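Asker: The structure's right below; bear with me while I get my questions together.
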Amino acid sequence: MPAKTFYIETFGCQMNAHDSEKVIGTLIRNGYSPVETPEEAGLVLYNTCSIRDKAEQKVFSRLQQFKRGSGKGKVFGVLGCVAQQEGERIFERAPHVSLVCGSASYSRLPELLVQLEAGENRVTGLSLNRGETFETPLTRRDNPHRAYITIIEGCDKSCAYCVVPFTRGPERSRTSAGIMEEARQLAGSGYTEIQLLGQNVNSYRDPSPAGWDFATLLSRVAAVPGIRRVRFTTSHPRDFGRDIVEVIDAHPAICNHVHLPVQSGSDAVLARMQRLYGRDEYMRRIEWLKASPRNISLTTDIIVGFPGETEEDFHRTLQLLDEVEYDSIFSFKYSPRPNTAALNLDRAVPEEEKGRRLTILQEKQRSIQIRRNSALIGSVEEVLVEGRNAALGQWIGRTSQNRVLNFASPATNGDSLLGRYVSVRVTRAGPNSLVGEAVLRA
Ligand code: SAH
Ligand code: SF4
Ligand code: F3S
């Protein structure tokens with residue numbers, strides 16, 4: 001094994017981003033130091049995503065770059081969802097890879113590193129049923145103000161299109177005591193925003209005798225002194241109860257934002273997707289959220305071109321966008337994935353038609369966002385300052401509703417506002433962000 005330096009590139013969702021923070025902490029604890037480029041590194045890791053085919057291909061194109069000699073003397077490892085999905089096949093496709101490890105086996109990393117250091121070149125961590133969560137006090141967080149906390153790993157649903165149950169295994173909830181301890185420590189070290197993570201946070205069940213459900217956990221995290229913002233993702237509509245809306249109403253620290261993936265507005269498509277809810281059931285949850293005095297921002301995920309999706313089904317989804325008026329959406333063309341039930345469905349939608357539907361959907365949503373964001377002009381929003389755009393002379397903030405609000409602040413005398421909470425008056429609105437000016441306090 002060459003010098004104990006490492007480089008890691010992360011693809012995929014927030015769960016993966018946070019897993020990498022834990023992996024980095026574990027590596028540092030085991031004597032490795034981070035470097036800026038893969039060229040400088042002795043150990044090159046890719047934490048991969050397999051949610052759509054395009055995401056999966058990225059890791060193979062990265063590995064390809066090192067195929068001919070330039071990777072000599074380096075150790076390559078594939079972590080995350082492609083690692084779990086492809087397993088030892090990765091060694092065949094990319095023989096210069098020595099480590100393949102899925103997220104359910106990260107607690108074994110120290111042991112796997114020792115094997116690599118001893119010169120083994122086929123090291124794996126691929127068991128999916130270890131029944132444990134990856135807990136480490138060594139997390140190296142990327143952002144000094146907002147911290148992720150994993151509350152539940154894996155997924156017990158079986159949406160017909162989705163690889164996650166195969167790549168992350170069955171659901172495992174962390175103990176409420178462990179989560180609360182982490183939240184208090186984060187507050188103690190200056191974090192003010194916490195984001196609770198899981199593929200389906202609503203099915204959180206405290207494994208300890210306390211037995212908290214998700215709504216209880218959310219309310220307790222929101223009450224931790226020093227924590228000013230709590231976010232959570234992702235919610236599954238089937239498991240999203242009214243108690244969660246009540247907890248949001250009762251706790252100002254919980255942000256005005258719920259991401260509630262709908263996937264389709266058509267009952268026929270939802271049934272074939274095995275989403276376990278229909279349009280009416282979904283809309284009932286939207287009504288609870290809209291009835292809240294908190295002015296909760298709604299966002300969603302949508303898949304177009306699922307097998308059998310007719311023009312009429314697609315129009316039901318377009319109508320749903322008008323009905324709900326989301327503040328933003330993530331939308332995707334259906335991508336067939338290994339092992340999933342949808343592979344057996346007939347009536348595939350041609351690629352070109354998927355593309356056409358995606359464009360129509362995104363154009364409709366863009367006009368909804370322009371309208372909704374414009375309605376905010378003149379209002380004052382509190383932002384957490386997350387960055388600085390020096391070229392524009394603007395600070396980059398995020399509102400409780402999760403909108404990006406860039407603003408000028410004439411009265412800071414060059415002081416950094418990073419990590420501070422600032423009131424900003426909105427002066428302009430685009431489809432994806434707002435512009436404003438800091439409100440000066442008298
Ligand atoms: N657990 C979350 C998110 C899962 S992945 C949930 O249940 O919503 C994030 C999004 O990727 C999904 O909501 C879905 O919209 C999209 N997605 C998942 N599998 C896909 C596939 N095979 N093709 C296209 N989009 C997919
Ligand atoms: Fe995938 Fe469905 Fe689980 Fe979300 S709930 S991770 S879409 S199987
Ligand atoms: Fe991708 Fe795995 Fe997340 S497939 S979206 S990295 S759970």
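Asker: I need to check one value: relative contact order of the stretch 2-52, counting alpha carbon pairs closer than 8 Å and at least 6 residues apart, in percent.
Answerer: On the way: 71 pairs, mean separation 30.5, N = 51.
The value is 60 percent.
Asker: Let me ask something additional. Are there cysteines in the chain with no second cysteine's Cβ under 4.7 Å away, and if so, which?
Answerer: By the Cβ distance rule, which asks for a partner under 4.7 Å, the isolated cysteines are CYS13, CYS49, CYS81, CYS101, CYS155, CYS255.
Asker: Between PRO293, PRO307, PRO252, find the one with the highest GNM mean-square fluctuation for the chain; connect C-alpha pairs within less than 10 Å.
Answerer: PRO293
Asker: Would you mind telling me the antiparallel percentage of the DSSP bridges in the chain, rounded to 5?
Answerer: Working: 23 of 69 bridges.
Counting only bridges with both partners in the chain, antiparallel ones make up about 35 percent.
Asker: Just to be sure I understand: with springs between alpha-carbon atoms less than 10 Å apart, which residue in ALA147, ALA210, ALA17 has the highest mean-square fluctuation in the Gaussian network model of the chain?
Answerer: Between ALA147, ALA210, ALA17, it is ALA210 that shows the largest mean-square fluctuation.
Asker: Could you tell me what a quarter of the Cα convex hull surface of the stretch 182-283 works out to, in nm² with one decimal place?
Answerer: Reported value for the Cα convex hull: 7.0 nm².
Asker: So, one more: Fewest first, what order do ARG337, ARG238 take by the number of other Cβ atoms within 10 Å?
Answerer: Fewest to most other Cβ atoms nearby, the residues stand as ARG238, ARG337.
Asker: For the stretch 5-146, what number results from the quotient of the Cα radius of gyration and 2.2 N^0.38 Å?
Answerer: Working it through for the stretch 5-146, the quotient is 0.97.
Asker: Between the stretch 374-442 and the stretch 1-44, what's the alpha-carbon centroid distance in Å?
Answerer: A separation of 33 Å, based on Cα centres.
Asker: Can I ask one more? Label point 7 Å out from SER158 along Cα-to-Cβ: which residues of the stretch 85-111 have amide N under 19 Å?
Answerer: 85
Asker: Between ALA291 and SER127, take the C-beta separation as r, use R0 = 45 Å, and let me know the FRET efficiency to the nearest 0.05.
Answerer: So, using R0 = 45 Å, E works out to roughly 0.50.
Asker: Continuing with this model, one more query. What Kirkwood Rh does the stretch 380-438 have if only Cα atoms enter the pairwise 1/r average? Answer in Å. Before the final figure, lay out each step's value.
Answerer: Numbers: mean 1/r = 0.0905 Å⁻¹.
Its Kirkwood hydrodynamic radius stands at 11.0 Å.
Asker: What do you get when you divide the Cα radius of gyration of the chain by 2.2 N^0.38 Å, with N the number of residues?
Answerer: Details: Rg = 22.6 Å, N = 442, 2.2 N^0.38 = 22.3 Å.
Output field value: 1.02.
Asker: Report the label-to-label distance for ASN432 and ALA408 in nanometres (one decimal), using points 7 Å from each Cα along the Cα→Cβ vector.
Answerer: 2.4 nm
Asker: Compare ALA342, ALA390, ALA215 in a GNM of the chain, Cα atoms joined below 10 Å, and give the one with the largest fluctuation.
Answerer: The residue that fluctuates most here is ALA390.
Asker: Put a dot 7 Å past each Cα toward the Cβ at ASP301 and ILE360; how far apart are the dots in nm?
Answerer: For ILE360 paired with ASP301, the spin-label model returns 2.4 nm.
Asker: With a Förster radius of 22 Å, plug the Cβ-Cβ distance of THR5 and ASP415 into 1/(1 + (r/R0)^6) and report the FRET value to the nearest 0.05.
Answerer: 0.05
Asker: For the chain, build the charge dipole from Cβ charges (+1 Lys, Arg; -1 Asp, Glu) around the Cα centre, then report which of LEU440, PRO252, ALA222 sits farthest towards its positive end.
Answerer: Going by the Cα projections, it comes out as LEU440.
Asker: Quick check for me: using +1 on Lys/Arg Cβ and -1 on Asp/Glu Cβ, what's the dipole size of the stretch 32-139 about its Cα centre, in debye to the nearest 20?
Answerer: In total the dipole reaches around 440 debye.
Asker: Round to the nearest 0.05 the FRET efficiency obtained for ASP249 and GLU352 when R0 = 41 Å and r is the Cβ-Cβ distance.
Answerer: E(calc), rounded to 0.05, equals 0.35.
Asker: What does the charge add up to near VAL114, with Lys and Arg as +1, Asp and Glu as -1, over the other residues with Cβ less than 11 Å from its Cβ?
Answerer: Summing Lys/Arg as +1 and Asp/Glu as -1 gives -2.
Asker: Which one of CYS159, GLN115, LEU128 is farthest out on the positive end of the charge dipole of the stretch 114-258, using unit charges on Cβ (Lys, Arg +1; Asp, Glu -1) and the Cα centre as origin?
Answerer: Result: CYS159, furthest along the dipole toward the positive end.
Asker: What list do you get for GLU281, GLU39, GLU56, GLU171 if you sort them by fewest beta carbons within 10 Å?
Answerer: By the 10 Å Cβ count, ascending, the order reads GLU39, GLU281, GLU171, GLU56.
Asker: If you don't mind, there's one more thing I want to ask. How do THR192, THR10 line up, fewest other C-beta atoms within 10 Å first?
Answerer: Details: THR192 18, THR10 21.
The fewest-first ordering by Cβ neighbours comes to THR192, THR10.
Asker: Still on this structure, please answer the following. Once label points are set 7 Å from the Cα along Cα→Cβ at both ALA118 and LYS67, what is their separation, rounded to one decimal in nm?
Answerer: Output for this residue pair reads 3.2 nm.
Asker: Something else now. Assigning unit charges at the beta carbon (Lys, Arg +1; Asp, Glu -1) and nothing else, what dipole magnitude in debye, to the nearest 20, does the stretch 240-300 show about its Cα centre?
Answerer: Using only the charged Cβ atoms, the result is roughly 160 debye.
Asker: Dipole size in debye (nearest 20) for the chain around its Cα centre, Lys and Arg Cβ +1, Asp and Glu Cβ -1?
Answerer: My answer is approximately 620 debye.
Asker: Follow-up. Quote to one decimal, in nm, the extra length available between VAL380 and SER208 on full extension: 0.36 nm per residue of separation minus the C-alpha distance between them. Spell out each step's value before the answer.
Answerer: On the way: separation 172, 0.36 × 172 = 61.92 nm, distance 4.28 nm.
Gain in length upon complete extension: 57.6 nm.
Only the coordinates and a few stated rules stand behind these numbers; no lab work does. Remember, it's a predicted structure, so these values are computed and weren't measured experimentally. Here the Cβ is made from the backbone with ideal geometry for all residues, glycine too, and neighbour counts use every protein chain on show.
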